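Input: a single structure, listed below in structure tokens.
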Amino acid sequence: MAKTIEKLSLAAVKNANKPGIYGDGLGLWLHVGPNALDENGKPTGRDKSWIFRYMIDGKAHEMGLGVAHTIGPAIAFLLAL
């Protein structure tokens, strides 16, 4: 049986702190990167962005949709359409 992917809630996006890629379904992914550092070497928080993954003629493609602190899951989904 195929594994179903749960939609990411706003709280889930906010609390995603472990680096990795989290699926939201239909090709929409949340990418959580390592801590970004400012000019003084202090952590500024996790780098989170939305990615849309899709296939054309058997080739995988990715399109960045924006950073997660300004774009919520619902808007990212609409941008992916």
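The values are calculated or read from the model by the stated rules, or taken from the named source; none is laboratory data. The structure displayed is predicted, hence computed values, not measured ones. Glycine also receives a Cβ, built like all others from the backbone with ideal geometry; neighbour counts cover every protein chain displayed.
How many residues does segment 28-42 hold that are modelled with pLDDT of 70 or more, farther than 22 Å from Leu79 by Cβ and surrounded by 10 or more Cβ atoms within 10 Å (Cβ to Cβ)?
Final tally of qualifying residues: 1.
Can you tell me which residue in segment 1-18 is surrounded by the most Cβ atoms within 10 Å (Cβ to Cβ), limited to those that are assigned to a loop (DSSP other than H, G, I, E, B) and modelled with pLDDT of 85 or more?
The residue in question is Leu8.
Go through (1) of a type outside the set (D, E, K, R); (2) surrounded by fewer than 11 Cβ atoms within 10 Å (Cβ to Cβ); (3) at pLDDT 80 or above one by one and return the number of the condition Gly25 breaks.
It is condition (2) that Gly25 fails.
Pick from segment 66-81 the residues that are touching a residue at least 24 places away in the same chain (Cβ under 8 Å) and in contact with a Ser or Thr (Cβ under 9 Å, 6 or more places away or on another chain): which of them is farthest from Glu6 (Cα to Cα)? Before the answer, list the steps.
Narrowing segment 66-81 to residues touching a residue at least 24 places away in the same chain (Cβ under 8 Å): 68, 72-73, 76-77, 79-80.
Now restrict to residues that are in contact with a Ser or Thr (Cβ under 9 Å, 6 or more places away or on another chain): 68, 73.
Numbers: Ala68: 18, Pro73: 12 Å.
Filtering segment 66-81 for residues that are touching a residue at least 24 places away in the same chain (Cβ under 8 Å) and in contact with a Ser or Thr (Cβ under 9 Å, 6 or more places away or on another chain), the one farthest from Glu6 (Cα to Cα) comes out as Ala68.
Can you find even one residue in segment 53-61 that is basic (Lys, Arg), part of a strand (DSSP E or B), surrounded by 13 or more Cβ atoms within 10 Å (Cβ to Cβ) and modelled with pLDDT of 90 or more?
Scanning segment 53-61, I find at least one residue that is basic (Lys, Arg), part of a strand (DSSP E or B), surrounded by 13 or more Cβ atoms within 10 Å (Cβ to Cβ) and modelled with pLDDT of 90 or more, so the answer is yes.
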